[in-house]
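For reference, the structure discussed in these notes is given below.
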Amino acid sequence: MTLAARMLIARAQAASRKAARRRRAELERELAGYAGSAARGDFEAILDRYPPGTTHELRSVLARQAMAAHETGFPAIGRT
């Protein structure tokens with residue numbers, strides 16, 4: 001494989017990773033409204049209708065946001 005071909009592949013992979021990060025960040029912003037609200041239960045009920053392979057990314061983002069919301073306290077010293 002020539003150097004030019006390798007550079008082309010590397011640039012395409014970098015662009016793909018950048019687009020994936022941008023898409024993931026947008027998804028996290030959109031789902032932020034569901035983390036910690038009553039609508040989250042409704043949204044999870046909707047997700048339960050679909051196979052896990054289809055909803056794993058959405059569930060992952062929601063779980064991470066829920067954990068981040070609970071990590072702001074200090075349970076070791078009794079502060080929440």
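No lab work stands behind these numbers, since they all come straight from the coordinates. As the structure is a computational prediction, the values presented were derived from the model and not from experiment. Neighbour counts run over all protein chains shown; Cβ positions are idealised from the backbone, glycine included.
Look at 55, 2 and count the other Cβ atoms within 10 Å of each Cβ; fewest to most, that gives 2, 55. Model label sites at residue 7 and residue 45, defined 7 Å from Cα along the beta-carbon direction, differ in position by 5.7 nm.
Helix 3-31 and the longest principal axis of the Cα set of the chain meet at an angle near 20°. Helix 52-70 and the longest principal axis of the Cα set of the chain meet at an angle near 60°. Multiplying the residue separation of residue 24 and residue 55 by 0.36 nm and removing their Cα-Cα distance gives an extension gain of 9.8 nm.
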